[in-house]
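Colleague: Let me begin by handing over the structure; questions about it come next.
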Amino acid sequence: MTGRLEVEGTQNLREVGGYPAAGGVTRHGQLYRADALSNVTPAGAEALAALGIGVVIDLRSALERSQDHSKTLLPDAVHVWLPIHGGSRSSLVDDGPVTLGSLYRQVLSESGWTLATAVSVIADSGVTPVLVHCTAGKDRTGLVTALALETAGVERSAVVADYTQSALNLDGAWVNEAMSALVSRGVPISPSLFEALGGSPDHAMSGVLAWLDQGYGSVSGYLMAHGMREQSVAALREKLLV
């Protein structure tokens, strides 16, 4: 599993190359996942540009984007905005205490078209490297990445292990700041809040993938039920696997 790419101003930037998959492994340098890019330093911007990313998928809500006053990074890339509210800090205020499992099922139930579109954008990008991000790079980004990897044929144990890396990357200052921000808005501290902000336990992802298997036969079945085309499934495998 890839740990973390050292780009100043990010906490959870990494790529998904080298994962075991049906008939091979995932390609390096094709799919990146990250937290928000709001705090990227000038040196970090140079390192980010060197990755050759040509498509950026932003999953943040309108509120999150409105609170980000940083200049757009990667100006030569195609930027695709596919907002998902569930998993944002404001959703934790609006919806009250939730478990990660229930949060993910809610997002999958309410944002199927958005998730399928995000995975389709990855699939249809050809050889152009793609970056997917939200605010933490853990929940919404974690779901899109897991759906893409599963559909490409990556072994489920590797998909889940990729997801669990987020908690290690976000531990410490990032989680403390996020917790303080919510407490200042009157949200009571609880174990479920701590996990929702910074946790990525294996059971949360493995459970929701099994839930999709039960409801749709497979993860690709879920995506195709929400608009992904068969040719995009084939293109995703071509893009991500070697």
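Colleague: When segment 221-232 is examined, which residues are found to be open to solvent by less than 30 Å² (accessible area, probe 1.4 Å) and over 13 Å from V144 (Cβ atoms)?
Modeller: G221, S232, listed by residue number.
Colleague: If the requirement is being touching a helix residue (DSSP H, G or I) at 6+ places or on another chain (Cβ under 7 Å), in contact (Cβ under 8 Å) with a residue 24 or more places away in the chain and surrounded by fewer than 23 Cβ atoms within 10 Å (Cβ to Cβ), which of these qualifies: G153, G137? Talk me through it step by step, then tell me what you get.
Modeller: Values: G137 fails: surrounded by fewer than 23 Cβ atoms within 10 Å (Cβ to Cβ).
Result of the check over G153, G137: G153.
Colleague: Hey, can you tell me all the residues within segment 12-39 that are of a type in the set (S, T, N, Q) and at pLDDT below 95?
Modeller: S38, N39, listed by residue number.
Colleague: Filter segment 54-111 for residues that are in a loop (DSSP other than H, G, I, E, B), within 18 Å of the chain's Cα centre (by Cα) and touching a residue at least 60 places away in the same chain (Cβ under 8 Å); which is farthest from I122 (Cα to Cα)?
Modeller: T99
Colleague: Within segment 39-52, does at least one residue satisfy the condition of being within 30 Å of R237 (Cβ to Cβ), in contact with a Leu (Cβ under 9 Å, 6 or more places away or on another chain), open to solvent by less than 20 Å² (accessible area, probe 1.4 Å) and not in a helix (DSSP H, G or I)?
Modeller: Kept after step one, since they are within 30 Å of R237 (Cβ to Cβ), are these residues of segment 39-52: 47-52.
In the following step, the residues that additionally are in contact with a Leu (Cβ under 9 Å, 6 or more places away or on another chain) were identified as 47-49, 51.
Then keep just the ones that are open to solvent by less than 20 Å² (accessible area, probe 1.4 Å); that gives 48.
Adding the requirement that they be not in a helix (DSSP H, G or I) leaves none.
For segment 39-52, residues within 30 Å of R237 (Cβ to Cβ), in contact with a Leu (Cβ under 9 Å, 6 or more places away or on another chain), open to solvent by less than 20 Å² (accessible area, probe 1.4 Å) and not in a helix (DSSP H, G or I): absent.
Colleague: Being within 29 Å of K71 (Cα to Cα) and crowded, with 22+ Cβ neighbours inside 10 Å is the filter here; which residues of segment 15-29 pass it?
Modeller: V16 - this is the single residue of segment 15-29 that is within 29 Å of K71 (Cα to Cα) and crowded, with 22+ Cβ neighbours inside 10 Å.
Colleague: List pairs: first residue in segment 164-180 and outside any helix (DSSP H, G or I), second residue surrounded by 18 or more Cβ atoms within 10 Å (Cβ to Cβ) and not acidic (D, E) anywhere in the structure, Cβ distance under 8 angstrom, at least six positions apart or on different chains.
Modeller: Final answer for the pair search is D171/G198.
The values are calculated or read from the model by the stated rules, or taken from the named source; none is laboratory data. The shown structure was predicted, so the numbers you read here are calculated from the model rather than taken from an experiment. Neighbour counts run over all protein chains shown; Cβ positions are idealised from the backbone, glycine included. When the accessible area is computed, the model is the full protein with side chains, heavy atoms only, and any ligands, DNA or RNA have been set aside. Shrake-Rupley method; radii C 1.70, N 1.55, O 1.52, S 1.80 Å.
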